[in-house]
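This report concerns only the one structure given below.
The values are calculated or read from the model by the stated rules, or taken from the named source; none is laboratory data. Just so it is clear, the structure is predicted and the values come from calculations on it, not from any experiment. Cβ placement follows ideal geometry from the backbone for every residue including glycine, while neighbour counts extend to all protein chains displayed. Quick note on the areas: whole protein, heavy atoms, side chains included, nothing else; ligands and nucleic acids left out. Shrake-Rupley method; radii C 1.70, N 1.55, O 1.52, S 1.80 Å.
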Amino acid sequence: MPRAFDSRAFRNALGRFATGVIVVTAGPRRAPHAMTANAFLSGSLAPPLVVVSVGRKARMHERLAGARRFGVSILAEAQEPASRHFAGQAVPGFSPAFGELAGVPVLAHAAVVMAARIEHRYGCGDHTLFVGAVEDLAVNTAAPPLLYFEGRYGILQAFPGTPGRSDEPYPSFF
């Protein structure tokens, strides 16, 4: 028989999964709507698809439900204030800087930015999964990513002696 647990225990358990941090954007560059998220993943390499999960009660949900395209900004470690701001926390003196990629608003100075066309919307409990076909992307290799674990921000530290990035395909384990 499965053990009972409450929503807080489930949330805390999921917090043990370290993630990157993104800001998803929609709307015109002059007045974009943006939201911090960490429920983001690659959906496919061919074609290039990404998936972002947005709570149905979030204001961003309504924006994406009526949108054709959205932006994804994978935050750099220096962008913790942006993450807090777009998560609804007050950050004194912070003023977001937006850019544009393929006509979609994205955050300036992010580690990676993508412009995506919404291909599918799937209900998933109290969230909707928005699947986007990536139309364009830009990578800032000088900007290490911002990480999130157990409700705290962190930075990436590679193990000593870990080989650098390779353009070789991932090894197959199956």
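Quick rundown of the values:
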| quantity | calculated |
| --- | --- |
| For segment 24-81 and segment 96-147, distance of Cα centres in Å | 5 |
| Pair MET1, ALA46: separation of 7 Å Cα→Cβ label points (nm) | 5.1 |
| Pair ALA78, ALA31: separation of 7 Å Cα→Cβ label points (nm) | 3.1 |
| Contour minus Cα-Cα distance for ARG59 and ASN140 (0.36 nm per residue) | 26.3 nm |
| Calculated FRET value between GLU100 and ILE155, using beta carbons and R₀ = 25 Å, to 0.05 | 0.35 |
| Calculated from backbone phi, Karplus (6.51, -1.76, 1.60) coupling profile of segment 108-124 in Hz, x at Gly/Pro | 5, 6, 6, 5, 8, 10, 9, 10, 10, 9, 5, 9, 8, 10, 10, x, 8 |
| CD proxy at 222 nm, helix term only [per DSSP H run n ≥ 4: -39500 (n - 2.57); per residue of the chain; nearest 500] | -3000 deg cm²/dmol |
| Whole-number accessible area per residue in Å² for the chain, which is evaluated in the context of all protein chains at 1.4 Å | 67 |
| Projected-area mean, the chain, by convex hull of Cα positions, square nanometres | 13.2 |
| Residue of THR25, THR141, THR36 that the Gaussian network model of the chain assigns the largest fluctuation, springs spanning Cα pairs under 10 Å | THR141 |
| Nonlocal amide H pairs with ARG56, under 5 Å, H built at 1.01 Å | HIS127, THR128 |
| Using alpha carbons only: equivalent-ellipsoid semi-axes of segment 63-157, gyration tensor based, whole Å | 23, 17, 14 |
